[in-house]
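Step one of this worksheet: look at the structure below.
The values are calculated or read from the model by the stated rules, or taken from the named source; none is laboratory data. Computed from a prediction, not measured in an experiment: that's the story for all the values here. Every residue, glycine as well, gets a Cβ built from its backbone with ideal geometry; the counts of neighbours run over all protein chains shown. Heads up: the accessible areas ignore ligands, DNA and RNA and are worked out on the full protein's heavy atoms, side chains in. Shrake-Rupley method; radii C 1.70, N 1.55, O 1.52, S 1.80 Å.
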Amino acid sequence: MKRMTLSQFLVARQHQGRINADLRLLLETIARACKAISTRVNKGALADGHGSTENTNVQGEVQKKLDVLSNEILLEANEWGGNLAALASEEMEDPRPIPTHYPRGEYLLLFDPLDGSSNIDVNISVGTIFSVLRCPKAASGEGYCEPDEKAFLQPGAKQVAAGFAVYGPTTVLVLTVGEGAHGFTLDRETFTFVLTHPEIRIPEDTQEFAINVSNQRRWEPPVQRYIDECLKGKDGPRGKDFNMRWVASMVADVFRVLSRGGIFMYPRDARNKDGRLRLMYEANPMAFIVEQAGGAATDGLARILDLQPRALHQRVAVVLGSKNEVETVAKYHRK
């Protein structure tokens with residue numbers, strides 16, 4: 001059976017009126033950049049891709065060589081196509097407007113160029129996460145907005161597309177344009193993304209959780225309660241045994257949740273009082289994808305997609321995955 005390619009999938013959505021030509025071209029450009037990053041990641045030490053630079057990013061984290069390279073690949077691929085007004089990256093302090101000698105479009109792109117980069121040197125899956133917003137019109141209603149930081153500070157519910165790539169044994173691109181979540185696998189022979197996971201659905205119940213247990217001593221009581229009940233298994237109040245999985249690469253952990261259910265948690269704690277993950281670059285796009293696949297996403301107190309961003313690099317607590325488990329964690333927070 002001949003499978004549908006990513007380009008065919010996006011063209012079909014355009015013909016159905018679900019996306020316009022500019023968004024289709026933007027998503028195809030992002031996919032090409034992910035292919036280029038995948039090639040560099042796969043070469044690893046052969047291309048001198050391991051190790052760190054002497055620089056830190058805006059988060060104060062030491063940048064890996066592939067962090068910097070992946071960021072440059074995404075910037076260079078997207079700045080000249082005429083689909084964007086500006087880009088923002090987890091690796092850059094400020095948004096980057098499209099240079100004046102290139103045409104400007106109506107969209108804003110945010111991305112984490114290489115999520116899970118601490119895993120590069122030990123050959124564990126890493127990936128790219130991205131989010132697309134529409135650039136708000138100026139107050140006069142004429143023309144596009146001035147693409148400064150304020151233009152990006154939109155709730156996740158306003159995303160028009162989001163996705164992530166996992167660079168693992170195979171390279172997989174998961175995408176939503178607001179009508180379901182779909183997965184595409186990179187065919188290494190044709191170098192084409194092919195639809196392999198149509199209409200992804202997350203089971204509402206699960207017996208698997210992902211969390212960094214080394215932080216347990218710092219967790220809030222609702223999270224302590226939930227994990228304690230999971231660990232008590234059949235003899236505890238949940239009446240079933242749970243397995244724990246933790247890759248320390250959000251793209252890999254979330255793809256597992258999308259593939260077979262589960263709950264992924266990076267809660268706030270005594271050390272990270274606002275949470276650890278970035279709202280704009282990680283939480284919002286992943287929450288959008290998970291909800292489109294029938295799951296749920298919360299910071300413990302509110303739906304992630306309803307949060308009003310205060311800053312471009314704002315951090316947030318994240319609990320996402322199988323709907324009933326996420327609701328249990330939210331219920332414990334409400335109590």
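Averaged over residues, the count of other Cβ atoms within 10 Å places the peptides 315-321, 300-306, 33-39, 210-216 in the sequence 315-321, 33-39, 300-306, 210-216, highest first. Diffusion of segment 237-282 by Stokes-Einstein, at 25 °C in a medium of 0.890 mPa s and with Rh set to the Kirkwood radius over alpha-carbon pairs, works out to 196 µm²/s.
In the chain, taking the dipole from charged Cβ atoms about the Cα centre, the farthest positive-side position among Ala287, Leu46, Ser7 is held by Ala287.
So which aspartates and glutamates pass the test for Lys323, namely a Cα distance under 12 Å, with those fewer than 8 places away in the same chain ruled out? Partners found: Glu204, Asp205, Glu291.
Taking 22 Å as the limit for the C-alpha separation, the pairs Lys35/Lys65; Lys232/Lys331; Lys43/Lys65; Lys150/Lys331; Lys137/Lys158; Lys43/Lys64 exceed it in the case of Lys150/Lys331. For segment 124-202, the fraction of C-alpha pairs more than 16 angstrom apart is 62%.
The alpha carbon radius of gyration of segment 252-335, expressed as a multiple of 2.2 N^0.38 Å, is 1.00.
Taken along the Cα-to-beta-carbon direction at a fixed 7 Å, the label points for Glu204 and Glu149 span 4.2 nm.
Overall size of segment 201-322 from C-alpha positions, given as principal axis extents largest first: 44, 34, 24 Å. Roll a 1.4 angstrom probe over the protein heavy atoms and tell me the percent of accessible area of the chain that is carbon or sulfur. Here it works out to 48 percent. Sparsely packed loop sites in segment 173-251 (the trypsin sites (Lys or Arg not before Pro) outside DSSP H, G, I, E and B with at most 13 other Cβ atoms within 10 Å) comprise Arg188, Arg201, Lys240.
Assuming 0.692 mPa s and 37 °C, estimate D for the chain with Stokes-Einstein, Rh taken as the Kirkwood radius over Cα pairs, in µm²/s. Here the translational diffusion coefficient equals 162 µm²/s. Ligands, DNA and RNA are left out, and with a 1.4 angstrom probe the accessible area of the chain is 43 Å² per residue.
If the chain linking Asp235 and Asp94 were pulled fully straight, counting 0.36 nm for each residue of separation and taking away their Cα-Cα distance, it would gain 45.6 nm.
With 10 Å bins beginning at zero, the pair-distance distribution over Cα atoms of segment 119-266 amounts to 10, 28, 29, 23, 9, 2, 0 %. A Förster radius of 51 Å, combined with the Cβ-Cβ distance separating His101 from Arg334, puts the computed FRET efficiency at roughly 0.45.
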